[in-house]
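Asker: What follows is a structure written as structure tokens; I'll ask about it next.
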Amino acid sequence: MEEVRVFPLTCAVQNYAWGKIGLDSEVAKLVVGGDPLAVIEGDKPYAELWMGAHPKGDAQIKDNRIAQTTLGQWIAHYPACLGSKVKDAFQGQLPFLFKVLSVNTALSIQAHPNKELAATLHAQFPEHYPDNNHKPEMAIALTRFQGLCGFRPVDEILGFLQAVPEFHALVGWDAAEELRSSVGDEVRTGRALKKCFTKMMSCEKKVFVDELNELVKRVTQEGAAGKDTSSSNGDLLLRLHSQYPGDIGCFSIYFLNYVVLEPGQAMFLGANEPHAYIYGDCIECMACSDNTVRAGLTRKYIDVNTLCEMLNYKPASASSKIFPCVSDPTDPCVTLYDPPVPDFTVMKIQVPASVKDYTVASVDSASILLVIEGDATATSTAAFSDVTMTRGGVLFVSANESVSLHVMSQSGMTLFRACSLL
Ligand SMILES: [Zn+2]
């Protein structure tokens, strides 16, 4: 039997507590679309869909004519499927994990180390840092997507220090003054910002819980009296506090940009960039790693020293956090989200209603293809037989194989593809 190099996958669902519930979740909708027999429980969270070979969620091969049952097992058997450059650069492993996220309540504020720091942390504290790899991430909004990302411009932080005395109390007079007087001097500002953030993160729990309760009480009363609480970022504060009462992360909204992505917009989270996802559905792609340093909105371990040392203290506007995507010069249907790391690139493929036959071009990398909208019959010389691709359908495509789509839906088709363009 000749070798099959293109096949459909059944992907792992993660039911983390922060996920959207039942069919409100884009993840659940995609699961049902890909498998009409799948049972979605109406009161259960459907947080993440994992499309890849990660040992905690290795995709199942949806074709019992193939001897291996999971994608990870299959790649271990046929590493050439990765493409020769990817295979050599990433030691025979698929370098990325492709996901869909449906976020109902905020995920922890976090940052991921660069490769050098990851190796050091893993050697010192393997219980907190499980591997030696970096973890750059890209989030592309499917629905309006809210998050926190990077330090705000200094004038915004100074504005909150003035308007929110409870926040000022945690940062302290000296550090706040240092930040105020640093304006205009980038190096001094970075240092002062680090001092301010470290002061806040190192506060004793009793101190910050008292200040937080005071702040929540004040903002609630102001809101009830019909006052505008935007100078205290009141709505977001109350929302996060209701999800994580007494958590230091509630104060981080005064340091970090609140970023809202419209569908199709993306944010790239490079090394040491503080970030959190708050609400919405997105496509996510990341390097294969579990290294996360947390800064709040969590019940997990917070490593304050590592966190405060590693962060990127470069203030910048919320709009500058939106990652510029570009249209592929060789294919008008493709939008490229190509971050400055070799591990992954994401492509959005939009086949217009007027096009009935579309070829997913071959690339010199294994790739994973996900249907978000539309139906097609997929044909490839490297597949056993034609594959019906509907919303939620996932296809593994080996390096240097192309796939022909015969589009059945009247309104065209939208797909996302992850690969590694070294
Ligand atoms: Zn992250």
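Asker: Taking the chain as the reference, fit the longest principal axis to its C-alpha atoms, fit the long axis of helix 115-124 to the helix C-alpha atoms, and give the angle between the two in degrees, 0 to 90, nearest 10.
Answerer: The helix 115-124 is inclined about 70 degrees to the chain.
Asker: Tell me, what ³J(HN,Hα) does each residue in the stretch 29-42 have, in order and in whole Hz, if you take phi through Karplus 6.51 cos²θ - 1.76 cosθ + 1.60 with θ = phi - 60° and put x for Gly and Pro?
Answerer: 4, 5, 4, 5, x, x, 8, x, 8, 5, 9, 9, 8, x
Asker: From the cross-link list LYS56/LYS321; LYS195/LYS300; LYS135/LYS321; LYS20/LYS348, which pairs have alpha carbons spaced over 20 Å apart?
Answerer: Values: LYS56/LYS321 30 Å; LYS195/LYS300 24 Å; LYS135/LYS321 18 Å; LYS20/LYS348 24 Å.
Over 20 Å apart, Cα to Cα: LYS56/LYS321; LYS195/LYS300; LYS20/LYS348.
Asker: Something else about it: For the chain, what does -39500 (n - 2.57) per DSSP helix run (n ≥ 4), summed and divided by total residues, give at 222 nm, in deg cm²/dmol to the nearest 500? Each step should come with its number before you reach the end.
Answerer: On the way: 11 runs with 112 residues, N = 422.
Value at 222 nm, helices only: -8000 deg cm²/dmol.
Asker: Can you give me the C-alpha center-to-center distance between the stretch 295-356 and the stretch 158-214, rounded to a whole angstrom?
Answerer: With the stretch 295-356 and the stretch 158-214 each reduced to a Cα centre, they are spaced 29 Å.
Asker: Filter the trypsin sites (Lys or Arg not before Pro) in the stretch 278-320 down to the DSSP loop ones having no more than 15 other Cβ atoms within 10 Å, then list what survives.
Answerer: Working: sites: ARG294, ARG299, LYS300; in loops: ARG299, LYS300.
Passing sites in the stretch 278-320 are ARG299, LYS300.
Asker: List the aspartates and glutamates whose Cα sits under 18 Å from the Cα of LYS199, skipping any in the same chain fewer than 8 residues away.
Answerer: Counting by Cα, and skipping residues close in sequence, LYS199 has these aspartates and glutamates nearby: GLU166, ASP174, GLU177, GLU178, ASP210, GLU211, ASP247, ASP303, GLU309.
Asker: Could you work out the longest stretch of the chain that avoids the GluC sites (Glu not before Pro) located in DSSP loops with at most 13 other Cβ atoms within 10 Å?
Answerer: It runs 205-422.
Asker: Give me a comma-separated list of calculated 3J(HN,Hα) values for the stretch 219-226, in order, Karplus coefficients 6.51, -1.76, 1.60 applied at θ = phi - 60°, integers in Hz, x for any Gly or Pro.
Answerer: Result, rounded to whole Hz: 5, 4, 5, 4, x, 5, 7, x.
Asker: Taking the alpha-carbon centroid of each part, what is the distance from the stretch 1-58 to the stretch 245-278 in angstrom?
Answerer: Distance between centres, Cα-based: 25 Å.
Asker: If you keep only loop residues by DSSP, which chymotrypsin sites (Phe, Trp or Tyr not before Pro) in the stretch 374-420 have at most 16 other Cβ atoms within 10 Å of their Cβ? Spell out each step's value before the answer.
Answerer: Numbers: sites: PHE384, PHE396, PHE416; in loops: PHE384.
Passing sites in the stretch 374-420 are PHE384.
The numbers here are math on the coordinates, done by the rules we state, and not lab data. Keep in mind the model is a prediction, meaning the values are calculated, not measured. Using ideal geometry, Cβ is built from the backbone for each residue, glycine included, and neighbour counts are taken over all protein chains shown.
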